[in-house]
Amino acid sequence: MKKLAFPLAAVALLFSIITFFLSQNTSDLVYVDVNKLLDGYKRTKVVRAEFEKKAKVLKSNVDSLVVDWQKELKLYEKERSGYSKKELTLKQELLGNKQQQINNYQQAIQKQIQEADKKATQTVINDINDYVKEYGKEKGYKIIFGASGSGNVMYADKSSDLTPVVLEGLNAEFQGK
């Protein structure tokens with residue numbers, strides 16, 4: 001019996017070591033590719049389309065003001081030979097002021113468009129972050145890294161990539177709303 005105890009103990013020890021190392025390979029550290037989530041998330045496309053529609057309207061307002069100003073400028077150039085010096089000075093001032101107002105308006109619209117873009121993007125990012133947080137809690141992950149190609153995750157085994165699973169769940173949740 002003593003002869004059998006040592007081999008059994010050795011087998012049990014070997015089995016324990018193998019089990020320990022195999023359990024170490026299943027990682028609680030996983031990642032998602034943030035760019036793929038942004039590109040594949042259906043709400044991103046919806047939000048982007050809404051933003052583009054608003055931006056197009058704002059840009060067309062500016063474009064129509066510029067076209068009107070250009071018409072006035074052409075008319076001025078065509079008729080300026082008939083103006084007195086006082087009329088020329090006044091007309092040049094008016095055209096200059098109008099151009100400055102259009103430039104100021106254009107800058108304000110550009111700023112408004114940038115803020116709307118930032119807000120739309122942040123809305124989508126918040127959705128993704130909230131979903132990933134809940135997904136991680138539900139699945140028992142200790143940490144989920146966000147890889148974006150900018151160096152925060154330089155290498156990870158594909159088995160640690162949750163992107164397809166998270167993207168599928170994220171889109172299903174969006175479509176269910």
| task | Only residues that are touching a Ser or Thr at 6+ places or on another chain (Cβ under 8 Å) and of a type in the set (Val, Ile, Thr): list them for region 159-177, please. | result | none
| task | Could you check, for region 52-60, whether at least one of its residues is among the small types (Gly, Ala, Ser), at pLDDT 90 or above and more than 22 Å from the chain's Cα centre (by Cα)? | result | yes
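Confirm whether residue 141 is within 30 Å of residue 37 (Cβ to Cβ) and among the aromatic types (Phe, Trp, Tyr). It would help to see each step written out before you state the result.
Values: within 30 Å of residue 37 (Cβ to Cβ): yes; among the aromatic types (Phe, Trp, Tyr): yes.
Considered against the rule, which asks whether it is within 30 Å of residue 37 (Cβ to Cβ) and among the aromatic types (Phe, Trp, Tyr), residue 141 comes out as yes.
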| said: I'd like to check something: does region 112-126 contain any residue that is exposed (fewer than 12 other Cβ atoms within 10 Å of the Cβ), of a type in the set (Asp, Glu), farther than 30 Å from residue 163 by Cβ and modelled with pLDDT of 90 or more? | reply: no
| message | Can you go through 82, 96, 140 and tell me which one is on the phi > 0 side of the Ramachandran plot, exposed (fewer than 12 other Cβ atoms within 10 Å of the Cβ) and of a type in the set (Gly, Ala, Ser)? | response | 140
| message | Looking at region 114-136 only, could you name the residues that are touching a residue at least 60 places away in the same chain (Cβ under 8 Å), in contact with an Asp or Glu (Cβ under 9 Å, 6 or more places away or on another chain) and under 14 Å from residue 169 (Cβ atoms)? | response | 127
| Has region 80-97 got at least one residue that is outside any helix (DSSP H, G or I), at pLDDT below 95 and more than 30 Å from residue 145 (Cβ to Cβ)? | yes
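The values are calculated or read from the model by the stated rules, or taken from the named source; none is laboratory data. All values reported here derive from a predicted model rather than from experimental measurement. Heads up, the Cβs are rebuilt from the backbone with ideal geometry, glycines too, and the neighbour counts pull from every protein chain shown.
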